[in-house]
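So the structure is just underneath, and the comments pick up after that.
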Amino acid sequence: MRSSAVSFAKGNVPMIKFVGGRHAIGAMNVVPHPCTVDGLMPGSDRWLSVRDFLAKQAPFEVIPYVSKGGSGGGGQYVFKQRPLKENEVSSLLELPKKYRMRPMEELEIDIINHGGIN
């Protein structure tokens with residue numbers, strides 16, 4: 001019995017097979033990203049580090065917003081009464097039963113009021 005177990009034993013074979021050989025590590029051809037402006041690359045003479053860029057920025061200034069419409073009405077949205085379209089409801093109680101929230105049970109209310117299950 002022991003000899004058959006040894007004859008069926010196989011070495012560890014990885015499940016992933018890599019195609020091709022190893023890539024040579026050497027000098028890479030660095031090209032600018034296709035979305036860069038005018039082919040700007042890090043390390044070039046026109047390139048700025050983040051620290052330099054932020055140092056040149058003006059401090060953030062909060063400008064209060066002034067409405068052009070005046071102070072009448074209180075808000076920018078005005079409610080207009082209109083008839084309901086197809087498949088619209090005016091209350092959650094008009095929804096089909098499968099879309100309504102089920103009523104909470106007393107046990108569930110007690111669990112919520114006591115901060116959850118301990």
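The residue list Val31, Val78 contains one member that is at pLDDT 80 or above and among the hydrophobic types (A, V, I, L, M, F, W, C), which is Val31.
Give the stretch 50-74 a look and list any residue that's surrounded by fewer than 10 Cβ atoms within 10 Å (Cβ to Cβ) and modelled with pLDDT of 80 or more, or say none. Of everything in the stretch 50-74, those that are surrounded by fewer than 10 Cβ atoms within 10 Å (Cβ to Cβ) and modelled with pLDDT of 80 or more turn out to be Val50, Arg51, Asp52, Leu54, Ala55, Lys56, Gln57. Check whether at least one residue in the stretch 16-38 is touching a Pro at 6+ places or on another chain (Cβ under 8 Å), surrounded by 10 or more Cβ atoms within 10 Å (Cβ to Cβ) and either of a type outside the set (S, T, N, Q) or touching a residue at least 40 places away in the same chain (Cβ under 8 Å) (or both), and report yes or no. No: the stretch 16-38 contains no residue that is touching a Pro at 6+ places or on another chain (Cβ under 8 Å), surrounded by 10 or more Cβ atoms within 10 Å (Cβ to Cβ) and either of a type outside the set (S, T, N, Q) or touching a residue at least 40 places away in the same chain (Cβ under 8 Å) (or both).
The values are calculated or read from the model by the stated rules, or taken from the named source; none is laboratory data. Keep in mind that what you see is a predicted model, and the values were worked out from it rather than measured. Note: ideal-geometry Cβ built from the backbone for every residue, glycine included; neighbour counts use all protein chains shown.
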